[in-house]
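This structure is in structure tokens; I'll ask about it shortly.
The values are calculated or read from the model by the stated rules, or taken from the named source; none is laboratory data. Just so you know, these numbers come straight off a predicted model, no measurement behind them. Positions of Cβ are backbone-derived with ideal geometry, glycine not excepted, and every protein chain shown enters the neighbour counts.
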Protein chains: 2
Amino acid sequence: MKEETGSNIDLIIENLFSIKPLLSKDYTKVIRNKSNHTHGTLLVLGTLHNYGKLSMSEIGCYLAVPKPTVTTLVDRLIADDLVERLNDPADRRIIYIQITKKGMDDYNSIKKEISLEMKERLQLLSKENLSILSTASQQVKEILILIPSDPCHPCNPSTENLNKK
Amino acid sequence: MKEETGSNIDLIIENLFSIKPLLSKDYTKVIRNKSNHTHGTLLVLGTLHNYGKLSMSEIGCYLAVPKPTVTTLVDRLIADDLVERLNDPADRRIIYIQITKKGMDDYNSIKKEISLEMKERLQLLSKENLSILSTASQQVKEILILIPSDPCHPCNPSTENLNKK
DNA sequence: AATAATGGTTACAAAAGTATAACTATTAAC
DNA sequence: GTTAATAGTTATACTTTTGTAACCATTATT
């Protein structure tokens, strides 16, 4: 283990790195078997669910996805009435995407399916571990969400790419 | 909030659900811009990194990915010398996949890239929050990893799918 | 008013991921 | 020893995702 900048941060990163794959499985399973979504569309839906309405660019930033991809993802969601476009009267270039009632319901039902998968696995843990996990996961969530998803000002995935080549 | 089965578990699920998207961004960015990997190949590499050698089926189970997809993912990794096939002398049907030195190095360097992205964001947090996050993420990781990735006995994504139709 | 910058879309081509089914090789069961 | 089950691959057709570039429409700059 290196000491580098702040070993606290390095440890956190190490931990987050390990946690992520442990969370992916249930998602993948449900997306594949019990929803009409792809990873992409569900990510967009989830982001809107969490952050409210977002512009196309912002969605791209939150998900680190190029703008043209955002367009197609949103198009598919709109085709299913899960989200809708809203014009910004102040700046008519901007289009906000907002989740619809149907989108909320859909997202929640997928969430429920994923929960069922997770629950099966979590139930194998001891009461103590569940209790610790409950507190700890709460803390992780609350702190991570504090981080300003900064890159959403200077970030434009596709142009960022261009700069690099 | 419903009370349902065990509200502890429900809370945990709710938290994990929120955490996941917060972790995805840096991965996606690095995969796209600073590696030759796709989501799939990096997931396989990461799984092997964490669990040691696994059979093809086990990889599919851990990632909830159909067997033919595992084959193509592993093929690509092998082409780059990042993993290798090992025969099981006891059962010659089974092929174990093991990460190579080069694979380890590659994984670690990607990890480092992702860490840099994460670090930028984590540094915006207060010392207290970092300290809490450090402990909490450690706990989450340690407990989640305790869960036997059970479905790897009765789970065979492709046949599981068949049963459902 | 002309020019540049920004937010989004459109249009391809290429790579990646998925589902399904058929297939080989090996092991297990009867 | 024949049959069934398991582990993995191959084949194919299809959908998603990506990269790149050109393209509107609108706003900002001068």
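Check A:ALA79 against each of (1) more than 10 Å from DNA strand C (Cβ to nearest atom); (2) among the small types (Gly, Ala, Ser); (3) touching a residue at least 12 places away in the same chain (Cβ under 8 Å); (4) over 20 Å from A:LYS112 (Cα atoms) and name the one condition it does not meet.
(3) is the only condition that A:ALA79 fails.
For the range A:106-165: of the residues being at pLDDT below 85 and polar (S, T, N, Q), which is farthest from the chain's Cα centre (by Cα)?
Per the stated criteria, the residue is A:ASN163.
Out of B:SER35, B:SER55, report the one residue that is touching a residue at least 40 places away in the same chain (Cβ under 8 Å), more than 9 Å from chain A (Cβ to nearest Cβ) and either loosely packed, with under 15 Cβ neighbours inside 10 Å or touching a strand residue (DSSP E or B) at 6+ places or on another chain (Cβ under 9 Å) (or both).
Numbers: B:SER35 fails: either loosely packed, with under 15 Cβ neighbours inside 10 Å or touching a strand residue (DSSP E or B) at 6+ places or on another chain (Cβ under 9 Å) (or both).
Going through B:SER35, B:SER55 in turn, the sole match is B:SER55.
Which pairs have Cβ atoms under 6 Å, sit 6 or more apart or on different chains, and link a residue in the range A:129-150 that is at negative phi to one that is modelled with pLDDT under 95 and of a type in the set (D, E, K, R)?
Partner pairs satisfying both residue conditions: A:ILE147/B:ARG121.
Tally time: how many residues in the range B:94-126 are assigned to a loop (DSSP other than H, G, I, E, B) and more than 10 Å from every other protein chain (Cβ to nearest Cβ)? Please lay out each step first, then the result.
Taking the range B:94-126 and keeping what is assigned to a loop (DSSP other than H, G, I, E, B), we get B:94, B:100, B:123-126.
Add one more test, that the residue is more than 10 Å from every other protein chain (Cβ to nearest Cβ), and what stays is B:94, B:100.
Of the residues in the range B:94-126, 2 are assigned to a loop (DSSP other than H, G, I, E, B) and more than 10 Å from every other protein chain (Cβ to nearest Cβ).
Given the criterion facing chain B (nearest Cβ under 7 Å) and either within 12 Å of DNA strand C (Cβ to nearest atom) or under 23 Å from B:VAL30 (Cβ atoms) (or both), identify the matching residue among A:LEU144, A:LEU133, A:LEU73. Explain how you work it out, then say what you get.
On the way: A:LEU133 fails: either within 12 Å of DNA strand C (Cβ to nearest atom) or under 23 Å from B:VAL30 (Cβ atoms) (or both); A:LEU73 fails: facing chain B (nearest Cβ under 7 Å).
Matching residue, one of A:LEU144, A:LEU133, A:LEU73: A:LEU144.
Is there a residue in the range B:47-54 that is within 9 Å of DNA strand D (Cβ to nearest atom) and β-branched (Val, Ile, Thr)? Steps first, please.
Taking the range B:47-54 first, the residues within 9 Å of DNA strand D (Cβ to nearest atom) are B:54.
Filter again for β-branched (Val, Ile, Thr), leaving none.
No.
Among the residues of the range A:88-123, what is the count of those that are among the hydrophobic types (A, V, I, L, M, F, W, C) and in contact with an Asp or Glu (Cβ under 7 Å, 6 or more places away or on another chain)?
Within the range A:88-123, the subset among the hydrophobic types (A, V, I, L, M, F, W, C) is A:90, A:94-95, A:97, A:99, A:104, A:110, A:114, A:116, A:118, A:122.
Imposing the further condition that a residue be in contact with an Asp or Glu (Cβ under 7 Å, 6 or more places away or on another chain) reduces the set to A:94, A:114, A:118.
The total comes to 3.
Which of the residues that make up the range A:94-111 are more than 26 Å from B:VAL30 (Cβ to Cβ) and within 11 Å of DNA strand C (Cβ to nearest atom)? If you could, list the steps in order and put the result at the bottom.
Taking the range A:94-111 first, the residues more than 26 Å from B:VAL30 (Cβ to Cβ) are A:94-96, A:98-111.
Once the filter is applied, which keeps residues that are more than 26 Å from B:VAL30 (Cβ to Cβ) and within 11 Å of DNA strand C (Cβ to nearest atom), the range A:94-111 yields A:ILE94, A:ILE95, A:TYR96.
Condition test on A:LYS25, is it within 13 Å of DNA strand C (Cβ to nearest atom), at pLDDT below 90, more than 7 Å from chain B (Cβ to nearest Cβ) and over 12 Å from the mean Cα position of the chain (by Cα)?
Working: within 13 Å of DNA strand C (Cβ to nearest atom): yes; at pLDDT below 90: yes; more than 7 Å from chain B (Cβ to nearest Cβ): no; over 12 Å from the mean Cα position of the chain (by Cα): yes.
The answer is no for A:LYS25.
In the list A:GLY46, A:GLY60, which residue meets the criterion of being of a type in the set (Gly, Ala, Ser), at the interface with chain B (Cβ under 10 Å from one of its Cβ atoms) and buried (at least 22 other Cβ atoms within 10 Å of the Cβ)?
The match here is A:GLY46.
Test of understanding: among B:THR72, B:THR28, which residue is within 11 Å of DNA strand D (Cβ to nearest atom) and surrounded by fewer than 16 Cβ atoms within 10 Å (Cβ to Cβ)? Show your work before the answer.
Numbers: B:THR28 fails: surrounded by fewer than 16 Cβ atoms within 10 Å (Cβ to Cβ).
On inspection, the qualifying residue turns out to be B:THR72.
Also: Do we have any residue at all in the range B:83-93 that's without any contact (Cβ under 8 Å) to a residue 24 or more places away in the chain, within 14 Å of chain A (Cβ to nearest Cβ), away from DNA strand C (no atom under 14 Å from the Cβ) and surrounded by 13 or more Cβ atoms within 10 Å (Cβ to Cβ)?
Within the range B:83-93 (the criterion being without any contact (Cβ under 8 Å) to a residue 24 or more places away in the chain, within 14 Å of chain A (Cβ to nearest Cβ), away from DNA strand C (no atom under 14 Å from the Cβ) and surrounded by 13 or more Cβ atoms within 10 Å (Cβ to Cβ)), the answer is no, since none of the residues qualifies.
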